[in-house]
């Protein structure tokens, strides 16, 4: 396999994963776990460096996804927001019922 064919296969893989809702949830979860959407600073040098290493890997994934399929990235972000909104509503409703 040539380097160009290998790269095309990687591109196709990313697009395939991002084409399904479950794939988008998986990628979003990886981005969150990597700390892409939060600061890495902890006040302690080693811990901050460790988090920055994780974040760097997450940013590589982010760049790949956003660079290859920006519309699907935006769809993924909207779906993640919907999930957070639903979880917040369940939590609020659950707390109200317990009162």
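Read-outs: derived from the displayed coordinates by stated rules, not from any lab. Source: prediction; values computed, not measured. So basically every Cβ, Gly included, is an ideal-geometry build from the backbone, and we count neighbours across all protein chains shown.
Determine whether segment 40-50 contains at least one residue that is touching a helix residue (DSSP H, G or I) at 6+ places or on another chain (Cβ under 8 Å) and surrounded by 14 or more Cβ atoms within 10 Å (Cβ to Cβ).
So far as segment 40-50 goes, yes, one or more of its residues are touching a helix residue (DSSP H, G or I) at 6+ places or on another chain (Cβ under 8 Å) and surrounded by 14 or more Cβ atoms within 10 Å (Cβ to Cβ).
Evaluate segment 23-38: report whether one residue or more is out of contact with any helix residue (DSSP H, G or I) (no Cβ under 8 Å at 6 or more places or on another chain), farther than 16 Å from residue 75 by Cβ and exposed (fewer than 12 other Cβ atoms within 10 Å of the Cβ).
Yes, the conditions are met somewhere in segment 23-38.
Does residue 84 fit the bill of being surrounded by 16 or more Cβ atoms within 10 Å (Cβ to Cβ) and free of Cβ contacts under 8 Å to residues at least 24 places away in the same chain?
Here the answer is no, as residue 84 does not meet what is asked.
Hey, residue 58 hits all of (1) exposed (fewer than 11 other Cβ atoms within 10 Å of the Cβ); (2) over 16 Å from residue 19 (Cα atoms) but one; which does it fall short on?
(1)
Criterion first (within 13 Å of the chain's Cα centre (by Cα) and over 24 Å from residue 13 (Cα atoms)) does residue 81 satisfy it?
Considered against the rule, which asks whether it is within 13 Å of the chain's Cα centre (by Cα) and over 24 Å from residue 13 (Cα atoms), residue 81 comes out as yes.
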